[in-house]
Amino acid sequence: MVARSLMLELHRAGHIELPAKRMSPPNNAARHRAPALELPLEVAPLECSLAELGPLEIRQVRRTPAEKLFGRLMEAYHYLAYTQPVGEHLKYLVYAQGAPVACLAWSSAPRHLGPRDRFIGWAAPQRRASIHLVAYNPRFLILPFVKVRHLASHLLAQVARRIAADWERLYQHPVYLLETFIEPQRFRGTCYRAANWIYLGLTAGLGKDARSRVPNRSFKQLWVYPLRPDFRRQLGGGGHGQGQ
């Protein structure tokens with residue numbers, strides 16, 4: 001998909017001449033878009049302590065029948081709605097008292113993030129060789145009728161304990177570092193801080209299609225969570241990195 005987009009950009013800019021289009025393949029993004037979820041008009045709020053909530057069941061639902069429910073909940077309740085991740089990804093549904101209470105999505109990491117790359121100690125060749133060993137958290141949803149203090153940070157900690165094994169089970173390699181963006185105008189990152197994630201600074205505000213160094217996106221906070229003490233060595237980082 002990335003290669004096709006690049007070739008189209010080169011064609012439109014007049015650098016290459018592509019042959020005439022022979023077919024129109026289906027739009028996978030549209031095909032995977034979650035249909036509207038039929039929800040009850042009123043949902044009873046679930047408000048209690050974490051202990052009173054009882055046992056949590058965290059299910060990895062990628063490539064399972066429950067993946068559709070994950071997409072529908074995201075579409076209905078997340079402020080960014082539902083987007084099918086590109087590349088390697090996992091999806092977790094969290095159940096309590098027999099019903100879903102949260103969703104977490106993880107996908108392939110952005111190719112270049114200055115604060116992260118300096119933190120790891122990556123030069124460009126090491127980043128290209130090891131970027132698949134970093135997992136990005138693009139969506140985290142606690143369903144709006146669930147009011148349980150400390151649930152979000154507890155779930156981040158629980159998923160961090162198992163995600164490397166789950167990733168290896170599906171994609172034949174583990175991950176060693178987790179990362180996410182936070183919009184500071186909207187959120188404070190409290191649950192990530194409470195789960196011992198590390199704040200690395202603000203992004204440069206450049207989208208993937210930026211043609212200059214002039215910011216064209218909002219600035220976001222970048223947070224990371226190493227899954228092993230030797231994560232830099234596993235990722236091929238140089239020295240001790242920065243940011244500790």
Overall form of region 55-235 per C-alpha gyration tensor (a/c, 1.5; a/b vs b/c): prolate
Summed residue charge, Cβ within 13 Å of Tyr176's Cβ, Lys/Arg positive, Asp/Glu negative: +1
Relative contact order %, region 55-235, counting alpha carbon pairs below 8 Å whose residues are six or more apart: 19
Long-range amide H partners of Arg62 with built H, under 5 Å: Lys91
Table column - 3J(HN,Hα) (Hz), region 112-128, Karplus curve with 6.51, -1.76, 1.60, x for Gly and Pro: 9, 9, x, x, 5, 5, 6, 4, 6, x, 7, 8, 4, x, 5, 5, 4
Local net charge near Ala102, Cβ-Cβ under 12 Å (Lys/Arg +1, Asp/Glu -1): +2
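Values quoted throughout were computed directly from the atomic coordinates according to the rules given, and no laboratory measurement underlies them. Keep in mind the model is a prediction, meaning the values are calculated, not measured. Quick reminder, even Gly has a Cβ in these numbers, built from the backbone with ideal geometry, and neighbours come from all protein chains shown.
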